[in-house]
Amino acid sequence: ILSPGYRDVILQTYTSYNQILLDAGAPRVAWALYPATDYEWQAEQEPADDPARFDAFYEVERLAAAPYPGQVTTIDLASWSDAMGLTLDQDARPDGVHWTPEVATDIATEWLGNAIIQAALH
């Protein structure tokens, strides 16, 4: 899904972002693992819609956080969204990517807001 060269570049880039943010004074950094998308809910699968692509990026984000225990973490919004049935809910994500304002507000209120606070505290 990700060529080894591209994967290495992404990992290096994400790891560098973490260091830049920490060097700038951020006490904590949190990456949200965003849910898989299906642009415009097309029947035709595109490379950007491939769930394996998302898994590969999740792995890279976790690896980029690993050198910074207690400072950089990942928030698994993707798994939460899957468990709540929101990832593939076409009413909740009309364009296959973004949630409606109402759903986004509910997500922030019910789960994501607290997950971000917890990441900041730990």
Exercise. At q = 0.19, 0.21, 0.23 Å⁻¹, what is the base-10 log of I(q)/I(0) for the chain according to the Debye formula with one equal point scatterer per Cα and no solvent? Please give it to two decimals.
Key: -1.11, -1.22, -1.28
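Add +1 for every Lys or Arg and -1 for every Asp or Glu among the other residues with Cβ under 15 Å from the Cβ of ILE117, and state the total.
0
Add -39500 (n - 2.57) for each DSSP H run of 4 or more in the chain, then divide by its residues: what number comes out at 222 nm, to the nearest 500 deg cm²/dmol? Please report the intermediate quantities before stating the final value.
Values: 5 runs with 58 residues, N = 122.
Result for the chain: -14500 deg cm²/dmol, rounded to the nearest 500.
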Quiz item: Of the residues GLY70, GLY85, GLY96, which exhibits the maximal mean-square fluctuation in a Gaussian network model of the chain defined by a 10 Å Cα contact cut-off?
Solution: GLY85
Quiz item: To the nearest 10 square angstrom, what accessible area does GLU40 show with a 1.4 Å probe?
Solution: 130
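Rounded to the nearest percent, how much of the accessible area of the stretch 4-122 (1.4 Å probe, protein heavy atoms only) is carbon and sulfur?
Details: 4100 of 7030 Å².
Answer for the stretch 4-122: carbon and sulfur cover 58 percent of the accessible area.
Might you report the magnitude of the Cβ-based charge dipole of the chain about its Cα centre, with Lys and Arg at +1 and Asp and Glu at -1, to the nearest 20 debye? Please report the intermediate quantities before stating the final value.
Working: 5 positive and 19 negative charges, 150 e Å.
The calculation lands at about 720 debye.
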Quiz item: Can you tell which of TYR34, ALA104, TYR17 lies farthest toward the positive end of the dipole of the chain, using +1 and -1 charges on the Cβ of basic and acidic side chains (Lys, Arg; Asp, Glu)?
Solution: TYR17
Quiz item: Using modelled amide H (1.01 Å from N, peptide plane; none on Pro or chain starts), what sits under 5 Å from the amide H of THR73, excluding residues fewer than 5 places away?
Solution: VAL29, ALA30, TRP31
Quiz item: Any idea how far apart GLN19 and VAL103 come out in nm if each label point goes 7 Å out from Cα toward Cβ?
Solution: 3.9
Quiz item: Roughly how much of THR109 is accessible, in Å² to the nearest 10, using a 1.4 Å probe?
Solution: 110
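When you have a sec, figure out the Kirkwood radius of the stretch 70-118 from all distinct Cα pair distances and drop it here in Å to one decimal?
On the way: mean 1/r = 0.0869 Å⁻¹.
After inverting the mean inverse Cα-Cα distance, the result is 11.5 Å.
The values are calculated or read from the model by the stated rules, or taken from the named source; none is laboratory data. Just so it is clear, the structure is predicted and the values come from calculations on it, not from any experiment. So basically every Cβ, Gly included, is an ideal-geometry build from the backbone, and we count neighbours across all protein chains shown. Remember, those area values only see protein heavy atoms, side chains included, never the ligands or the DNA or RNA. Shrake-Rupley method; radii C 1.70, N 1.55, O 1.52, S 1.80 Å.
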